[in-house]
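The values are calculated or read from the model by the stated rules, or taken from the named source; none is laboratory data. Bear in mind that the values here come from a model prediction, so they are computed numbers and not experimental data. Backbone-built Cβ (ideal geometry, glycine too); neighbour counts: all protein chains shown. Accessible surface is based on the protein model in full, side chains and every heavy atom, while ligands, DNA and RNA are left aside. Shrake-Rupley method; radii C 1.70, N 1.55, O 1.52, S 1.80 Å.
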Amino acid sequence: QVQLVESGGGLVQAGGSLKLSCAVSGDIFDVNTMAWYRQAPGKQRELVAGIRRGGSTNYADSVRGRFTISRDNAKNMVYLQMNSLKPDDTAVYFCNAAIMTRLSSDHRDYWGKGTLVTVSS
């Protein structure tokens with residue numbers, strides 16, 4: 001019923017930039033917080049950045065000042081602009097959103113399948 005589809009991942013050299021996009025679709029009534037997480041090989045999934053419906057944001061210390069999260073509420077899209085990329089940013093990046101469907105009474109977390117970002121040194 002609800003799908004989150006990420007795009008924009010790929011291979012980039014250190015110091016380069018990428019922009020990730022996530023499209024949310026389905027029988028949606030409301031989308032609250034949207035976020036990007038990442039999981040590097042052998043590590044736990046971690047929060048990269050989050051953005052609330054009103055636009056307030058939060059970032060992991062490791063990406064603050066280099067990454068920017070944004071959203072388009074009309075299109076149910078969330079973006080992650082990643083600049084000054086480092087090899088340590090290599091990971092699968094997942095889109096996450098708290099969504100209320102037309103059949104539910106509260107928000108629950110939905111996840112995309114992820115997009116791979118590889119930063120070469």
Original post:
Inside segment 76-121, can you point out the residues that are surrounded by fewer than 16 Cβ atoms within 10 Å (Cβ to Cβ), of a type in the set (A, V, I, L, M, F, W, C) and assigned to a loop (DSSP other than H, G, I, E, B)?
Top reply: LEU103
**OP:** Being open to solvent by 60 Å² or more (accessible area, probe 1.4 Å) and over 17 Å from the mean Cα position of the chain (by Cα) is the filter here, so list the residues in segment 1-14 that pass it.
**Re:** GLN1, LEU11, GLN13
**OP:** Report yes if LEU47 is open to solvent by 20 Å² or more (accessible area, probe 1.4 Å) and out of contact with any strand residue (DSSP E or B) (no Cβ under 6 Å at 6 or more places or on another chain), otherwise no.
**Re:** no
Subject >> Residue match in segment 67-75 (condition: open to solvent by less than 40 Å² (accessible area, probe 1.4 Å) and within 21 Å of ALA40 (Cβ to Cβ)) >> reply: yes
